[in-house]
Structures are given as structure tokens and as C-alpha cells.
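Quick notes on the structure that follows.
The values are calculated or read from the model by the stated rules, or taken from the named source; none is laboratory data. Nothing here was measured: the structure is a model prediction, and the numbers come from that model. Cβ placement follows ideal geometry from the backbone for every residue including glycine, while neighbour counts extend to all protein chains displayed. We work out accessible area using only protein heavy atoms, side chains counted, and drop any ligands, DNA or RNA first. Shrake-Rupley method; radii C 1.70, N 1.55, O 1.52, S 1.80 Å.
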Amino acid sequence: MDVDLLICKHPGPSCCNRKMEESYQNAVKRETLHNIDAYSSELEHLIFRHLNAFQGMFQSLLSFSQGHLSSLVEGTYSSLSHSALPHVNQLFSSLSFYLRGANVSVEAAVHQFYNNIFPFVYTQLINPGIEDSVTGGSEMGDCLRMIRQDVNPFGHHPAIMAQELAGALGAGRQLGLALEEGLEVMNATEHANLSKDCVKSLVKMVFCSHCRGLTLIKPCMGYCLNVMRGCLASVSELNQPWRRYITLLEQLILAMAGHHSMELALLGVRGHVNEALLYAQIHGPLITATVDKVCGLSTGEPTDMQPISPEAMTSTITSSPLLPFAAPSQPTPEQRLEELAHLKSSFPLKPSKNKYSLRTLSREFLMNLQRYKSFFTALPEMLCEAENAVDESTCWSGEDVVESYSGRVVGNGLHAQRQNPEVKFRKMDSTMVEVKERLENFIQETQETFPKLGQTEAWEKLQELGSGEEEGSATDCDDEDGCQSSGDGQEKHSHKEVSIEQESHGKQPRRDSTQENLDRPPSVKAIGSSPPVTWLQPWSIALLFAGHFLQWILF
């Protein structure tokens, strides 16, 4: 026995020395981290790719809705075109920032939009005789903007529009934040810390047989699982919060796209604004009477207005008759879906000719995501397959060549490692503790922000997701699942049923060349005097408006 060896000790001559053991430790650590990175990168790339895909789709929908509204202003309310279009641009710019996670309020953006256009509506639609100069930076214009919500010249249409957009876009925004959180988790996993005890156990499993000239022998599967589960015990602790995280993604996607929620909300913006402008024209005399009492007479001649205190303004408006609320003549969901049938979108998520809508993109993502629901408990098993561990007779047990591994095969997680015969587990890695707490906090905060997420009516995803992967498979094993054997050599696991697509040993996940274009989703194009007709991305779309019918022509 070579007395210099610290890990690969065994009776008889050895091909190894202390220096070789040190080299083995560096090599096995590097190789294991490489394999972890390869498997984690597959999932990380899936999340990253769809984060860009969703953001790109959001921006495309915003651009479509922006062009749709701009065409209404230019075509039906041409007198407002020059004055109102900048505020249309500002509204959709705010919505774009909101969807990307900026600290922007949808409700505030919508009401600001109506505040800003009220002076122009008042002077050009309700009272076209008033000169435009009173609405620029004049006191009259400032007064009109200040009293818009109190005078209520647009009925309840602004409030309804704000409510619909906040609900649908809120889920989309949170989905983007959730996917970014998932990327942080995967990034931390790729840099998992392997303890000294873990590295020594890996050397013993992979290289100690070489010291005896047994270069072709493979480790026993049960033995390999014990080593890998011991090394990745801290990582496996992410399993439960990760499963809840996947469920949260499903709920957010369902809230956003399950019933065309986002598309319908954005498609309805034009209708809400049109109804609001019609409402203002119908109730023009009453609006004028109220404005006259607060801001001054609506005559063609400029008026010398005295500053009005907030108290006096409130008193005047309160004493004036409030404008009646006319029930909005909104199209039914069925009517909107008929319009939506003309709106198609194409997304180069794969090098194929399949056409994608937000709903289809969401369904595809959920189908792919299901395969990774048990990722953190399946990872040790995947690494063992990368090491070509075998269940058959004649395998390496860490000490010698055996017919079968007779040790107890433990489950995943911290608790199970107390009885792990191969790796001494001391404490959870501090980085994984932080990642776990952060993920749990994000889930809790999201559920508090969207308390009705879990109550959403189940979409047909149960029938259409096609996820043949059943939960509770062998990849979810822990102590309570009875995954460990009792020393009879018959370990209870099914490493060949791992539900995650695996690359060959040490092979990096491939990236489709078409995905390079997904790194930068399109931004909403500002509109001057005409709506946008093209986008700068590969999926260029022309927006055509003919009467009240919509078409989204895809290239």
C-alpha cells in the first residue's frame, strides 16, 4: 500500500502518488462542474430564450395597439391628430417600460393620457371655436388637465380601460420578472460549491480504480447516486421552491394568455378611446357648463383667469351637476375574438414555419417547462449517467470491483445525507441558502400581489399541454419516497426515466442559430403623424387598417 496516498488507499501496489491525487482532485472538480453547467445551461437557455420571446411578443402587441389607436385619431378625429399623437406615444412608451419591470403605474399612465388629451378634445371637438392657443401651456389648458377626473368628460371609459390593462399587463410584467428570477437561480446552480469531502469522494469514485490499473471499470449506479446526492445536497434543497416556482409560472401565463387576456386588453384600447371621445361629444354642453364655472368662459376670446384655489375648484365642481354615466357599448369577448382571429403572429422560436400567437407561445413554453419540474432532484442521476455508471454486475464500489453495490442508496436533500455512506455532509452551502430564500420570497410576494392567481379557471392546458411526464417519478425521490434500498443491492430508482432531455457526457447544449435574433426584442416605435408599418426585427409585420377589420400580415 502506498502510504503517501490520502484518498486511493488500498493494499498492494499502486499506479498513483500524492501528486497524481492532487491532479485528480482538480480534474474531477472541473469535470463535474462542467457537467452541471451543461445540464443547467439547457434549462437556463430555455428560460432566457422565452424571456426574450415573451418580451418581443409584448412589444409587438403594443406596437400593433399603438398603430391601431393612431389610425383612429388620424382617420376619425383628424383635428386631434397633431396634438394627441405625442400623448399616444407617451402612453404606449409607459406601458412598454411597465412590461419590462420599470416602476410605472398602468392606471396612472392611462389617466395621464386622458388628462393630456382633454384640453384638445375640449377645444377641438366640443368647442371648436376656441383657439388652439388656449390649450398649449396656458392657464386654461392647465386647468382642464387638472379637473379632468373630477369633471369626468369621458365617462367611465378611462377607468375601465385602466383596469383591463392593469390586470392583463400586470401578469405579463410579473412573468418577465419571474423568468429573470429563474435565470438567477440557474446561474447560481452552475456555480455550485463542491466541498472538500465531495471532491475526495468523486476522486475515489472516478479515479481510484485507475490507480489499480482498472481503467475501463465503471462505478456502480447506487454508489454514484450516493456520491452525487451527497455532493449536491444543498442544490437538491431547491427542489420544493422550484416546483412551486414552476406552478407560479403556469398561473401567471394562464392569467396573461389563457383567455387572450393581454391581446384583448390591448386590442380594446382603440375602442375605449373611441367610446370616450364619443361620450365627450355627446355630453359637450354639460361639460362646457361645468368647465365654465371652474376654468372660465368658453368663448373665442382669451379670458383673464384668476388663480383658483383647490378648495374653490372642488367646491365648484361638487356644486355642478355630475355628468351621467352612459353604459359603455363595448364589444363582447366573442366579437373581440372574431377580430382577434385576423390577428396572427409569427415568432422564430424554432427554425420552422409554425406560426405563433401569445397563447401558442405560452403553451409551448409550459410544455417544455414541465420536463424540468424535477430538475434539482434529477441532476445527480443525470450526472451519474454522464459518468456511465452501471447497474450490471462487475462495477466499481469505491473499494473494489463487485458484483453489485451493497450500500444503502439514500435520497435527495439534506435530511437523507445523514445516512449517506459515501459523502460526509456537514452543512448547507451558504450560496444555496441565499438562493432558496430569495426564490421563496419572490413566490410569496407574487402571490400576495396577485391573490387570485390560483383561482383562475383552468385553461385547456390540461388537455393540450400534452405533458406525459407524471409527477412523483423516480426523479423526485427523497427519504419518504422509499428510494433507498436496505443493503440488499436492489436500489429502487429508475435513472432511465429522467424526464429531462440530456446531452452526451460533457456536451454543451446547442443553440439554434435563429435564437441569436431573440436577444433583443423590439421596442415600441414612436409614432409621429402616421402609424408604424414595419418593425425592425426579423419577424417584420405590416399593419393594415381597412374600416373596422384588422389584419396582421406576417412575413
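Annotation: Cα Rg of region 356-426 relative to the compact-globule expectation 2.2 N^0.38 Å equals 1.65. Report the percentage of all Cα-Cα pairs in region 157-305 whose separation exceeds 25 Å, rounded to a whole percent. Above the 25 Å cut-off, region 157-305 has 64 percent of its Cα pairs. With one equal scatterer per alpha carbon and no solvent term, the Debye-computed log10 I(q)/I(0) for region 169-223 at 0.21, 0.28 1/Å reads -0.84, -1.03. Subtracting the Cα-Cα distance of H34 and K9 from their residue separation scaled by 0.36 nm leaves 6.3 nm. Computing the accessible area with a 1.4 Å probe over protein heavy atoms, can you report the carbon and sulfur percentage for region 35-164? Carbon with sulfur: 50 percent of the solvent-accessible area. Percent of Cα pairs in region 30-151 per distance bin of 10 Å, from zero to the largest separation: 12, 30, 24, 13, 9, 7, 4, 1.
Leaving out ligands and nucleic acids, note down the accessible area per residue over region 1-110 with a 1.4 angstrom probe, in whole Å². It would help to have the intermediate numbers written out before the result.
Values: 4300 Å² over 110 residues.
That works out to 39 Å² for each residue.
Legend: calculated FRET efficiency, K452 to D292, from the Cβ-Cβ distance at R0 = 45 Å, rounded to 0.05, equals 0.50.
Rounded to whole numbers, the Karplus 3J(HN,Hα) couplings from phi for region 165-176 are 5, 4, x, 6, 6, x, 5, x, 4, 5, 4, x Hz, using 6.51 cos²θ - 1.76 cosθ + 1.60 with θ = phi - 60°, and x at Gly and Pro. Backbone geometry of region 412-426 corresponds, through the Karplus equation with coefficients 6.51, -1.76 and 1.60 at θ = phi - 60°, to 3J(HN,Hα) couplings of 8, x, 5, 4, 5, 6, 4, 10, 6, x, 10, 10, 7, 9, 9 Hz, x marking Gly and Pro. The amide H of N412, built 1.01 Å from its N in the peptide plane, has D478, D479 as neighbours under 5 Å, considering only residues 5 or more places off or on other chains. In region 104-223, the convex hull through the Cα atoms has an average projected area of 15.2 nm², a quarter of its surface area.
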